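**Student:** The structure under discussion is supplied below as structure tokens; questions concerning it will follow.
The values are calculated or read from the model by the stated rules, or taken from the named source; none is laboratory data. Predicted model only: the values in this text are computed from it and were never measured. Virtual Cβ from ideal backbone geometry, glycine too; neighbours counted across all protein chains shown. Heads up: the accessible areas ignore ligands, DNA and RNA and are worked out on the full protein's heavy atoms, side chains in. Shrake-Rupley method; radii C 1.70, N 1.55, O 1.52, S 1.80 Å.
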Amino acid sequence: MPSPWSSRRDVSPEDSRLLIERAHEELLAGNETDQRLSDVRPLVRESWRRSLGHLVGAEGLPPLDLAADVIDAYRLEHPLASAIDMIRALLLPGGAEDAGVVVAVGDAAGRLLWVEGDRAIRTLTGDMGFVPGANWSELAVGTSAPGTALVLDRSVQIRGAEHFNRLVQPWSCTAAPVHDPETRRLIGVIDVTGGVETVTPQAQLLVDATARAIEGELLVSRLRARAAHPPARRRSSPRPATARATLRVLGRDRALLELAGDGVETVTELGARHAEILLMLAVHRQGLSAERLGELVYGGAGSVDTLRPELVRLRRALERSAPQLVPASRPYRLTGPLETDAHHTLSLLDRGAHRVALAAYRGDVLPDSTAPGVEEFRDTVRTTLREALLAEASVDVLLAYADTDAAADDVDVLRLCLSMLPARSPKRAGLVARIERLED
């Protein structure tokens, strides 16, 4: 079946794009009476003003509101989970990998739950944070099709320079909200992102029709379920954990343990050994024997006798500040969820969000630690970051990576940047000089 996105049409001439960009700059500068603003579509102009009112930055990455360890469970419970196959069939016919577009499905808050479609485009849009778990509401990123469609409660098309965030301006998108077929409550949004082919009238009709088809299918499914099974007592949803624990170890000699929940957030700085033990238990969720944990933290034989009193002290400290993290024994293991910023970075890389992952990477894992297990995990994180960026990242992300301590002396990274830059790029001279200096 041919792709519905195959026919291209230039709907944003160069002069129109430049006018919109200048109007955007005038608005950001506070010149709300500039004549060029009157030439911007009212829908976009009002969204820009809302974005300014929400203090949204004109550059920056969206917040990642849903971590990797919760998004799968959240998807299963979401009303649109049963409609994903229909969305694929209608918007990505003939295969997703070379569809020429990316299709995203989000919840009513603008958080993306599914992002599928053309692999090359997903790599590029992932660099701007268009990944599962990211918040694309107007409150988070300003004017965009999914966020603005949720605000206006109707289908919206945003073309290139009309996006409030400059990182998103290379792309165009069409989005439509989806409602509960009985209560008409907003339950989510469908978005198609790509080039100018995604903002044609035909694209808007198709996305709108998909949203209506989903609502119809949801209603039919419910009526069938009611006919087959009389109403029963509704199952209560599991209560969320009262506190979310995060261990911050990137670029830090002393780790931080953050606890957030019930409107309260606490931050505790951990001693070196306590940080190493907690990190090893977070890395090895299946549990560790006393001998193995001792080797990972202290190295060498006879480390168990040193480990056990340290674990007693750690347990006492956690009983006061984070009782859900007190390790169980035989084997030693965590019984409650503990995220780490290092695992968060690895998750972003796995989702193709290279720019977001690089921003999250604050430096090596516990750089001063000599614990064998920490050194191994530190190398894993650093190597995974490097290999992912070398394989798939855009040149802008690679250039940012080349300016970090992790890649400052990496000739392979510098050479790849040089090969990806245009022949007349002013950045080439600096790269050449760095390569020559390293190779001397």
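**Student:** What is the residue count in segment 393-440 for residues that are over 23 Å from Met128 (Cβ atoms), touching a helix residue (DSSP H, G or I) at 6+ places or on another chain (Cβ under 9 Å) and either open to solvent by less than 80 Å² (accessible area, probe 1.4 Å) or not in a helix (DSSP H, G or I) (or both)?
**Tutor:** 12
**Student:** Could you please find all residues in segment 325-334 being surrounded by fewer than 15 Cβ atoms within 10 Å (Cβ to Cβ) and either on the phi > 0 side of the Ramachandran plot or assigned to a helix (DSSP H, G or I) (or both)?
**Tutor:** Within segment 325-334, just Arg330 meets the criteria.
**Student:** Can you pull out the residues in segment 166-219 that are hydroxyl-bearing (Ser, Thr, Tyr) and either open to solvent by less than 20 Å² (accessible area, probe 1.4 Å) or within 26 Å of the chain's Cα centre (by Cα) (or both)?
**Tutor:** Selection gives Ser172, Thr174, Thr193, Thr198, Thr200, Thr210.
**Student:** Same structure, new question: Filter segment 409-440 down to residues that are among the acidic types (Asp, Glu) and either closer than 23 Å to Arg382 by Cα or in contact with a strand residue (DSSP E or B) (Cβ under 9 Å, 6 or more places away or on another chain) (or both) and give me whichever is modelled with the lowest pLDDT. Spell out the reasoning first.
**Tutor:** Here is the first cut: in segment 409-440, the ones among the acidic types (Asp, Glu) are 409-410, 412, 436, 439-440.
If we keep only those that are either closer than 23 Å to Arg382 by Cα or in contact with a strand residue (DSSP E or B) (Cβ under 9 Å, 6 or more places away or on another chain) (or both) as well, we get 409-410, 412, 439.
Values: Asp409: 91, Asp410: 93, Asp412: 94, Glu439: 88.
My answer is Glu439.
**Student:** Within segment 132-159, count every residue that is part of a helix (DSSP H, G or I) and open to solvent by 10 Å² or more (accessible area, probe 1.4 Å).
**Tutor:** Total satisfying the criteria: 5.
**Student:** Return the residue satisfying two criteria in turn: it lies in segment 82-96 and is touching a Ser or Thr at 6+ places or on another chain (Cβ under 7 Å) and not in a helix (DSSP H, G or I), and of such residues it is most open to solvent (accessible area, probe 1.4 Å). Outline the logic, then answer.
**Tutor:** So the first thing to find is which residues in segment 82-96 are touching a Ser or Thr at 6+ places or on another chain (Cβ under 7 Å), and the list is 82, 87, 90-91, 93-94.
Then drop every residue that is not not in a helix (DSSP H, G or I), which leaves 93-94.
Working: Pro93: 20, Gly94: 68 Å².
Here the answer is Gly94.
**Student:** Mind checking whether some residue in segment 344-352 is free of Cβ contacts under 8 Å to residues at least 24 places away in the same chain, in a helix (DSSP H, G or I), out of contact with any strand residue (DSSP E or B) (no Cβ under 6 Å at 6 or more places or on another chain) and of a type in the set (A, V, I, L, M)? Show your work before the answer.
**Tutor:** We begin by selecting, within segment 344-352, every residue free of Cβ contacts under 8 Å to residues at least 24 places away in the same chain; these are none.
No: zero hits.
**Student:** Six or more apart or on different chains, Cβ under 8 Å: which pairs go from a residue in segment 24-38 that's under 18 Å from Gly160 (Cα atoms) and without any contact (Cβ under 8 Å) to a residue 12 or more places away in the chain to one that's outside any helix (DSSP H, G or I) and open to solvent by less than 70 Å² (accessible area, probe 1.4 Å)? Could you list them?
**Tutor:** These pairs meet every condition: Glu26/Asp34.
**Student:** Let me ask something else about it. Can you tell me which residue is modelled with the lowest pLDDT among those in segment 273-291 that are open to solvent by less than 30 Å² (accessible area, probe 1.4 Å) and not small (Gly, Ala, Ser)?
**Tutor:** The extreme case among them is Leu288.
**Student:** A further question on this structure: Hey, any hits in segment 305-324 for a residue that's surrounded by fewer than 20 Cβ atoms within 10 Å (Cβ to Cβ), at positive phi and of a type outside the set (A, V, I, L, M)?
**Tutor:** No, because not a single residue in segment 305-324 is surrounded by fewer than 20 Cβ atoms within 10 Å (Cβ to Cβ), at positive phi and of a type outside the set (A, V, I, L, M).
**Student:** Being open to solvent by 20 Å² or more (accessible area, probe 1.4 Å) and not charged (D, E, K, R) narrows it down to one residue among Leu390, Leu349, Leu366; which is it?
**Tutor:** When all the criteria are applied, what remains is Leu390.
**Student:** Could you say whether any residue in segment 59-74 is farther than 20 Å from Ala149 by Cβ, of a type in the set (A, V, I, L, M, F, W, C) and open to solvent by 80 Å² or more (accessible area, probe 1.4 Å)?
**Tutor:** To start, the set of residues in segment 59-74 that are farther than 20 Å from Ala149 by Cβ comprises 59-61, 64, 67-74.
Still in the running and of a type in the set (A, V, I, L, M, F, W, C): 61, 64, 67-68, 70-71, 73.
Those still in the list that are open to solvent by 80 Å² or more (accessible area, probe 1.4 Å) too: none.
No; the residues of segment 59-74 include none that is farther than 20 Å from Ala149 by Cβ, of a type in the set (A, V, I, L, M, F, W, C) and open to solvent by 80 Å² or more (accessible area, probe 1.4 Å).
**Student:** Looking at Arg351, Arg378, can you tell me which residue is of a type in the set (Lys, Arg) and over 20 Å from Thr123 (Cβ atoms)?
**Tutor:** Step by step, each of Arg351, Arg378 is checked, and only Arg378 is of a type in the set (Lys, Arg) and over 20 Å from Thr123 (Cβ atoms).
**Student:** Condition check: open to solvent by 100 Å² or more (accessible area, probe 1.4 Å) and modelled with pLDDT under 90. Does Asp253 satisfy that?
**Tutor:** Against the criterion (open to solvent by 100 Å² or more (accessible area, probe 1.4 Å) and modelled with pLDDT under 90), Asp253 does not qualify.
**Student:** To continue, here is another question. Could you give every pair whose Cβ atoms fall below 8 Å, whose first residue belongs to segment 364-392 and is part of a helix (DSSP H, G or I), and whose second residue is open to solvent by less than 70 Å² (accessible area, probe 1.4 Å) and of a type in the set (S, T, N, Q), counting only separations of at least 6 or pairs across chains?
**Tutor:** Glu375/Ser369; Arg378/Ser369; Val381/Thr345; Leu385/Thr345; Glu392/Thr123
**Student:** Then there is this: Has segment 97-119 got at least one residue that is part of a helix (DSSP H, G or I), open to solvent by 20 Å² or more (accessible area, probe 1.4 Å) and not basic (Lys, Arg)?
**Tutor:** no
**Student:** Here is a check on your reading of the model: is Thr125 among the polar types (S, T, N, Q) and either open to solvent by less than 70 Å² (accessible area, probe 1.4 Å) or in contact (Cβ under 8 Å) with a residue 60 or more places away in the chain (or both)?
**Tutor:** Yes: the conditions hold for Thr125.
**Student:** Pairs needed: first member in segment 70-95, on the phi > 0 side of the Ramachandran plot; second member anywhere, part of a loop (DSSP other than H, G, I, E, B) and small (Gly, Ala, Ser); C-beta distance under 6 Å; at least 6 residues apart or different chains.
**Tutor:** Listed by first residue and then by second, the contacts come to Gly94/Ser3.
**Student:** So, in segment 353-362, how many residues would count as being charged (D, E, K, R) and part of a helix (DSSP H, G or I)?
**Tutor:** Final tally of qualifying residues: 1.
**Student:** Pick from Leu27, Leu76: which is aliphatic (A, V, I, L, M) and either at pLDDT 80 or above or in a loop (DSSP other than H, G, I, E, B) (or both)?
**Tutor:** Leu76
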